[in-house]
1. Can you find, within the stretch 18-58, the residue that is surrounded by the fewest Cβ atoms within 10 Å (Cβ to Cβ) among those that are among the basic types (K, R) and within 17 Å of D8 (Cβ to Cβ)?
2. Restricting to the stretch 6-33, name every residue that is within 13 Å of M44 (Cβ to Cβ) and among the hydroxyl-bearing types (S, T, Y).
3. Within the stretch 14-54, which residues are over 12 Å from the mean Cα position of the chain (by Cα), among the small types (G, A, S) and not in a loop (DSSP other than H, G, I, E, B)?
4. Give all pairs with beta carbons closer than 6 Å in which a residue from the stretch 38-52 that is within 14 Å of T24 (Cβ to Cβ) meets a residue that is part of a loop (DSSP other than H, G, I, E, B) and of a type in the set (A, V, I, L, M); count only pairs at least 6 apart in sequence or on separate chains.
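Here, each number is a calculation from the coordinates, and none is a lab measurement. Since the structure is predicted, the reported quantities are computational estimates derived from the model, not experimental observations. Note that each Cβ is placed from the backbone with ideal geometry, even for glycine, and that neighbours are counted across all protein chains shown.
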Amino acid sequence: MKVKYFSDTDTALVEFSNRKVSETKEINDNIYIDLDSVGNLVSMTIEHARKQASLPYLSYEQIEKELPKTFQRTAKNRR
C-alpha cells in the first residue's frame with residue numbers, strides 16, 4: 001500500500017494494488033474509489049485531504065491476530 005500526498009492540490013492518493021482500474025465510483029464530493037474489473041479496491045482519492053482525512057496525523061499500525069492456544073502448541077511442535 002502506498003499513500004501519496006499532492007500538496008499543490010491538497011489531494012491524497014491511497015494505492016492498495018497495481019491492478020488495472022476499470023471503474024471509479026464517487027463516494028461523496030471529495031472521495032473517489034477505483035475498482036478493478038471484478039470489484040476489488042485498487043485505490044482511493046481524497047480531495048481536500050488535510051480537512052477530510054486529518055492528513056497531518058497519518059499513522060500506520062499492523063495488528064496481528066492472536067492464534068488460539070491449541071494452534072500455537074501445534075505450531076511449536078512442528079519446529
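1. K51
2. Those that are within 13 Å of M44 (Cβ to Cβ) and among the hydroxyl-bearing types (S, T, Y): T11, S17, T24, Y32.
3. A49
4. V42/V21; I46/A53
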